[in-house]
Amino acid sequence: MTITTESAPSTVAADLSSFVYASPSSFHAAANVRERLVAAGFSELNEAEAWQLRAGGKYVVVRDGAAIAWVMPEGGAGGAGKAGGASAPVFRVFGTHTDSPAFKLKPNPGFATEGALQIGVEIYGGPLLNSWLDRELSLAGRLVTRDGQTVLARTKPIARIPQLAIHLDREVNQKLSLDKQRHLQPVIGLEDLTGLLRAADGLQSTDVLEVLAASAGVKAADVAGFDIVTIAAQEPATFGLHDEFLASPRLDNLSSVHAGMSALALIDPAEISEIPLLAAFDHEEVGSNTRSGACGPFLADVTERIVAAVAGDGDGGGGGATVGREAYLRSMASSICFSADTGHGVHPNFPERHDPVNRPRLGAGPLLKINAQQRYATDAIGTARFAAACDAADVTYQEFVSNNSMPCGSTIGPLTATRLGMTTVDIGIGLWSMHSAREMCAITDVHDMFHVAHAYLGGA
């Protein structure tokens, strides 16, 4: 499905649903960003090779579970002026992340307890633990073979974390207490499964790694390493009196990735003078301190290579590799980042948990996220830039600030501002059930965020 600025909210939500379902892990998400953008005319680059960037070119590069893509203006990209003949392009970064809270498969994962086959998992990020109970789960991620090949794996629904019956815990409705080691290991089968059932299923092994390898078309004996997470198997779906809601896993933060990717795909190189860039990082949910996270060098590496190409000969011919730090620093000082992550809409059953004055509602537009402790990077300058993009998109936005008794989380925004020095503003659509196995949002907010991303990346 291809969406445009003329697409209805239901169409945009349906395309987001397809993207989420096809992206069960950060590695799948990055691969799908690449595939969608290549289909839209982007060229894939390899970090280990020399880049030959040209005016008007569209490019995408993937590093593990992260992806960066951008469009080169057809008329050149020297938006920050020149010094000594070196152009300093201005970037419009739309920053997001591809990962979501989950359970990650441990080494030597298989074991049996009381006749049940189970897998050992480790908590990734900060999931709402109770939401993962009594759901059918699949496993997904990447496998790396002994010869260095990376393949993507995804199983059918094979796992579940069954909750203890109320008859065995009469206090469960007053207080649910889950030990992360003892109570959250999924079951995947029965130790004494009859040969008849095994033959009917066609699966002769109870080794979960063999199941994962088979889903990826490789042999388990050839697998040297893996990064595998659990995912809720149920597909995204709209619901509500007028189908105004979308229920889906991984809205935090594939909703933002989808908005930025879809908007970037529509940018015309002939109509821009600055460089629109999507930066979809991995590992935000665990702190971003990785080579593909926002604290890592990925965005700096890519932007430095772009600046070198532009500053060197003006047409991306690669001659700018020796151009000094001056052009790059001017470029970063003139650039801006919209850090797009989800936020909290006021919960109708817990209204006291929110700020008494600033009360953003689902369906009333995207959020401008503000925090005095700089857990969000928004300042007055960034606010003005976001307001301009919303005006250009004819979208109304809402301010979000935490109740003083409820410290907020953080995003890639402060990390990007600290890492690169560019003005950064934190935004996102409002959710209920954030970090649940199945989150929810308003489809009109998904539609509005796509339009704001398009206006911003297009030069508004």
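The values are calculated or read from the model by the stated rules, or taken from the named source; none is laboratory data. Nothing here was measured: the structure is a model prediction, and the numbers come from that model. Counting neighbours? That spans all protein chains shown, and the Cβs are built from the backbone with ideal geometry, glycine included. SASA here: full protein model, heavy atoms, side chains in, ligands and nucleic acids out. Shrake-Rupley method; radii C 1.70, N 1.55, O 1.52, S 1.80 Å.
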Hey, can you tell me all the residues within region 114-148 that are in a loop (DSSP other than H, G, I, E, B) and either surrounded by fewer than 16 Cβ atoms within 10 Å (Cβ to Cβ) or of a type in the set (V, I, T) (or both)?
E114, G115, G126, L128, D134, E136, R146, D147, G148
So which of A221, A279 ends up being under 23 Å from F450 (Cα atoms) and either at pLDDT 95 or above or not in a strand (DSSP E or B) (or both)?
A279
E6 part of a loop (DSSP other than H, G, I, E, B) and either of a type outside the set (S, T, Y) or crowded, with 18+ Cβ neighbours inside 10 Å (or both):
yes
Identify all residues within region 9-47 that are open to solvent by 10 Å² or more (accessible area, probe 1.4 Å), among the acidic types (D, E) and in a helix (DSSP H, G or I); write none if there are none.
E35
Criterion first (of a type outside the set (V, I, T), in a helix (DSSP H, G or I) and buried (at least 21 other Cβ atoms within 10 Å of the Cβ)) does S215 satisfy it?
no
Give region 424-434 a look and list any residue that's among the polar types (S, T, N, Q) and either touching a Lys or Arg at 6+ places or on another chain (Cβ under 9 Å) or open to solvent by 30 Å² or more (accessible area, probe 1.4 Å) (or both), or say none.
S433
Search region 30-55 for residues that are without any contact (Cβ under 8 Å) to a residue 24 or more places away in the chain and in the same structural domain as T96 (by the TED database) and pair each with any residue that is of a type in the set (A, V, I, L, M) and open to solvent by 60 Å² or more (accessible area, probe 1.4 Å) when their beta-carbon atoms are under 7 Å apart and the residues are at least 6 apart or on different chains.
E44/V38
Filtered residues of region 221-241 (kept if closer than 15 Å to G110 by Cα and either open to solvent by less than 40 Å² (accessible area, probe 1.4 Å) or within 19 Å of the chain's Cα centre (by Cα) (or both)):
I228, V229, T230
Members of region 259-311 that are of a type in the set (G, A, S) and either in contact with a strand residue (DSSP E or B) (Cβ under 6 Å, 6 or more places away or on another chain) or free of Cβ contacts under 8 Å to residues at least 40 places away in the same chain (or both)
G260, A279, A280, G287, S292, G293, A294, G296, A308, A311
Identify all residues within region 356-378 that are open to solvent by less than 40 Å² (accessible area, probe 1.4 Å) and within 24 Å of E285 (Cα to Cα); write none if there are none.
P360, L362, P366, L367, L368, K369, N371, Y376, A377, T378
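Every residue, every condition in (1) surrounded by fewer than 24 Cβ atoms within 10 Å (Cβ to Cβ); (2) part of a helix (DSSP H, G or I), yes or no:
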{"position": "A247", "(1), (2)": "yes, no"}
{"position": "L254", "(1), (2)": "no, yes"}
{"position": "S262", "(1), (2)": "no, yes"}
{"position": "A270", "(1), (2)": "yes, yes"}
{"position": "E285", "(1), (2)": "yes, yes"}
{"position": "T303", "(1), (2)": "no, yes"}
{"position": "V307", "(1), (2)": "no, yes"}
{"position": "V310", "(1), (2)": "no, yes"}
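When you scan region 396-418, how many residues do you find that are aliphatic (A, V, I, L, M) and surrounded by fewer than 19 Cβ atoms within 10 Å (Cβ to Cβ)? Let's see the steps before the verdict.
Looking only at region 396-418, we keep the residues that are aliphatic (A, V, I, L, M), and these are 401, 406, 412, 415, 417.
Narrowing the set further to residues that are surrounded by fewer than 19 Cβ atoms within 10 Å (Cβ to Cβ) leaves 406.
Of the residues in that region, 1 qualify.
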If G421 meets every condition in (1) surrounded by fewer than 17 Cβ atoms within 10 Å (Cβ to Cβ); (2) touching a strand residue (DSSP E or B) at 6+ places or on another chain (Cβ under 7 Å); (3) on the phi > 0 side of the Ramachandran plot apart from one, which number is that one?
(2)
Between V60, V71, which is of a type in the set (V, I, T), open to solvent by less than 10 Å² (accessible area, probe 1.4 Å) and in contact with a Ser or Thr (Cβ under 9 Å, 6 or more places away or on another chain)?
V60
Looking at region 120-133, I want the residues that are modelled with pLDDT of 95 or more and have a partner that is assigned to a loop (DSSP other than H, G, I, E, B) and open to solvent by 20 Å² or more (accessible area, probe 1.4 Å) with Cβ atoms under 6 Å, at least 6 apart or on another chain. Which pairs are those?
I123/K180; G126/H435; P127/H435; L128/H435; L129/L178; N130/L176; L133/Q163
